[in-house]
Structures are given as C-alpha cells and as structure tokens.
1. Gap in Å between the Cα centre of region 61-140 and the Cα centre of region 165-215?
2. For region 53-161, just run the numbers: alpha carbon Rg, then divide by 2.2 N^0.38 Å, N being how many residues it has.
3. So what is log10(I(q)/I(0)) for region 203-333 at q = 0.21 1/Å, when the Debye sum runs over its Cα atoms only?
4. Which order do T280, T407 take when ranked by solvent-accessible area (1.4 Å probe, heavy atoms of all protein chains), largest first?
5. Reachable lysines from K21, Cα under 27 Å, same-chain residues fewer than 8 places away excluded?
6. Carbon and sulfur together cover what percent of the accessible area of the chain at a 1.4 Å probe radius?
7. If you average 1/r over every pair of different alpha-carbon atoms in region 340-476 and take one over that average, what Kirkwood value in Å do you get?
8. Among 229-236, 197-204, what's the highest-first ranking by average C-beta atoms within 10 angstrom per residue?
Amino acid sequence: MSANNPAAVIVLAAGGGTRMKSKSLPKVLHEVCGRSLVGHAVAAAQELTPQQLVVVVGHLRELVQAHLAEHFPGVRTAEQLEQNGTGHAVRTALAALAADGAPLDGTVVVTTGDAPLLTGATLAALVAAHAEQGNGVTVLTAVVPEPFGYGRILRDETDGAVAAIVEEKDATDAQRALAEINSGVFAFDAKLLAEALGRLSTDNVQGEEYLTDTLEILRTAGHRVGAVVAGDFRDIVGINDRVQLAEARRMLNARLVERAMREGVTIVDPATTWLDVQVTYEPDAVVLPGTQLHGATHLGEGCEVGPNSTLTDTLVGAGAHVSNTTAIGAEIGALASVGPYAYLRAGTKLGRKAKAGTYVEIKNSELGEGAKVPHLSYIGDATIGEGTNIGAASVTVNYDGVNKHRTTIGAHCRTGSDNMFIAPVTVGDGAYTAAGSVIISDVPAGSLGVARAQQRNVAGWVQRKRPGSDSARVAAAAVEAAEAAAGAGESGGA
C-alpha cells in the first residue's frame, strides 16, 4: 500500500436535500451522466485505493444503502440517525470503523456525496500535498469566477497556510472580493482528526457540530492547516437543487465529450451529444448530432452513430452505421446497418453486415452475417441465418398469451412480404415463403411455403352493398366504359 493511499475516505451523504423538492428520492441518488451523485463520490474515492471507504447515510438511508450494495458492493455505510452536522457525521463514521475493528493510522479524506465532478486525480493531489507538507489538515479549495455564497479562504501571508475560512455572511467587503473558496473536502491526520472532533461544540446558530471548526482547533493547537487549489474549479461544484443538477450534468457532459474527441472520436455537434460516464469508444468513431449514449455503450472503430439516436448498454461494431435508432442492450456487428427509425430491444444481436432497416423492431433475436430485415417488420424471439432476407411487413408471432415461442429461419432464405410466422416454427435453409403467407408449419430446406386462401372476386358487390357511394359511382362508370369498349371491338370485328 502506497504512502499516498489514505487510511480511509469518508463520504458524507446523509443530508435530506430539501431544496431538491423530492419526496421519494434522496438527493444523493439523483443521477448525472449515468451515475448517482453518491456513485460519483464513491467512484472518485475508490481511485485512491483507501484502506477503508465508508459512506455516511441518513435521510432515506435504506434506499441509499440498497443502491450502494447494488452498484458498489463492499462499500461500508455508517448511519447518522440524527442530522447533527458534518462534524457529527464524521464522528459517526469513525465510530463505525472502530466498532468493526478498523483503527485508523494515516490520512483520512472527508468528501461529500453531492459533488459529481470531483475526480480521483484531484483527490490524489490533495492527499499527496497533505503528506508532503506535513499538515494537520489540508483543505481542497478552488478559485471560482463567482464566489458568492461560499466560504472564503484566508491565507497566512508568510507561508501560505490557511489562516481561516470566513463564511459569506461574516466576511468583510475585502474578504468577499477573494475568489478562493472552501470545497468542503479535507485530508486529515487520523489521530488529530479524532482529537479535534472530540472538542467540537454545538454553540452556534444551527446547534450542530461543524467539521470546519476542526481547522481552528488544530491551528490553535499548533498544527499547520494547508490548502490545495483544484486545477479545475468545476471539480468542487456541489448540488443543492435541480437547477444546479442540470448545470452539473452540462459541465460533466462537456468534460466527457471533450475527452472522447481528444481520444479520437469525431463528435459533430458537442452541444447536442450526451454521454454517460461508462461509455467507451475506439478511434475514428463518428457521433452525429442529437445522439445520446447511455450506460455501458461501446463504439467500435470507424462506426457512425446518429443523428438522433439513443443507445443504452449497446455494443456497436467497427464500421457499423446506426441512424435515428433507439437500442437497449443490443449488439450490432461490424459493418452492420441499422435504421433509420429502428428499435433494437434487449437481446438483439446483429451479425457482421446484417441490416435492421426502417421501422423495424427486433427483440431477443439473432441475425446472422449479412441477414436483412429491411423495413416495416417485427422480429421477436427469433434466430435468422446468414444471408437471409425478410420481406417487408413481416412478423414473428412469438406470444400465445401465456408463453413466448421461438421462430427459426435458416440461412439464405427469402421470405415474402406480409408474412406471419406463428411460433414455434422453423424455416429450413434456402427455403422461400410466398407473400401474404401465414406460416404455421415448418418449411423444409429448399421448399416454397405458401399459406394463403384462394382469391375469389364477387362481381357487382359494391353496387349492391354500397349504392350511391363514390365507389359505386366510379365502378359503374368503369363497367360502362369496359362494356362500351367491348361493344366497339365487336362492331369493328363485324
């Protein structure tokens, strides 16, 4: 374990977030770019490889604990049953660690569960500076363009140490002009932190234990209070309401889009492109305007996605083209073609050079190499072999009202337009089916399946059943014209 790996990281995520105006969802579970606020905090903390990682939970704690167990198994939680301030929250975390036999010796990092842009790299710089400078506590700060509302950092002119943190309401005009602010993220010496927490008072307007009071306690005791300025002020942006949530989403998305472009992805219109943090890509992928990539979506080399496509947990192969498409949990093979206006649902697997065309929906189905469903069709619970072409307006009828059944269509088949395949049914390799057929029985390899009623025409039906209608009028005129033409032909023949 490196000296720069902290003994513990404590993530404060117990607050109610009343300004979010959410009745059923804790503030820290609101999402930004595919990950919850607390998820971003935990992911950044994990980059430090701490010996211990604990999240302090409180408001709707069962939901937060369940979320962490699902997405970050193994992360420890500590319950702050009463919201008695940030100092009390950290004390709760230390008590939980001690109860579990995890005594701390080294650096303890305290961060917040509502700062989704904070990176592991910024935290690592904080921890490194804390160790190098021998501080009792080191504050992460930022120089911001608009510091209103934040606590200002006052520095000692002799050595640059932090002399005090002054809140907006208590600051002088000269102090309010300072642009360096407190982020609420700290690195402490573990033993000094425990001692300082034991000396906190609730003698303040809120009647709470403030973690920031430990800085004055340690400074008075002769310990240096240092500060590290974040390289990007956006790292420390916290979320208090849905307006700030949207702003953070925009800022993080801009960061993700820029990273993708610098790694070789062409993004034609960054302003209308949205990426989740889990999205991965290879060089020379192209993303066209109006595209959203969510979850564990991956773009292969040289593929093109968009415009106006939304892909979630979808793999796009090298050189594939995906236009105006919604895809969820799909695999799109190399050089495949999808859309426009296609819907690929979970379990869809398109082979190399396969095609899912215009107004095509596919679910839980596999298309072999070069197989095509060009337009206006639904393919559900089916296996379609290589080189097969599915005619327009075809449906694999997979549901009998109780159970789902599978359709299998072999390689190099040609199915007619307006076919219904009533599953379970198999069409053999190289077979054809006639247009308008309802296929209810297996079609052997190399056969033509025809399943449609014999056509019959009932003469004069419209004039008898729809007298006086436009249809009857034009039909009568057509009959008269045909009879006149026939009569003229007979006269000429005489």
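1. Using only Cα atoms, the two centres lie 17 Å from each other.
2. On the way: Rg = 16.3 Å, N = 109, 2.2 N^0.38 = 13.1 Å.
The value comes to 1.25.
3. Computed log10 I(q)/I(0) values: -1.18.
4. Per-residue accessible area, sorted high to low, gives T280, T407.
5. Here the lysines satisfying the reach criterion relative to K21 are K169.
6. Details: 11970 of 23210 Å².
Carbon and sulfur: 52 percent of the exposed surface of the chain.
7. The Cα-based Kirkwood calculation yields 16.0 Å.
8. Descending packing order for the listed peptides: 229-236, 197-204.
The values are calculated or read from the model by the stated rules, or taken from the named source; none is laboratory data. None of these values were measured; they are calculated from a predicted model. Quick reminder, even Gly has a Cβ in these numbers, built from the backbone with ideal geometry, and neighbours come from all protein chains shown. Side chains are part of the model used for accessible areas, which takes the heavy atoms of the whole protein and leaves out ligands, DNA and RNA. Shrake-Rupley method; radii C 1.70, N 1.55, O 1.52, S 1.80 Å.
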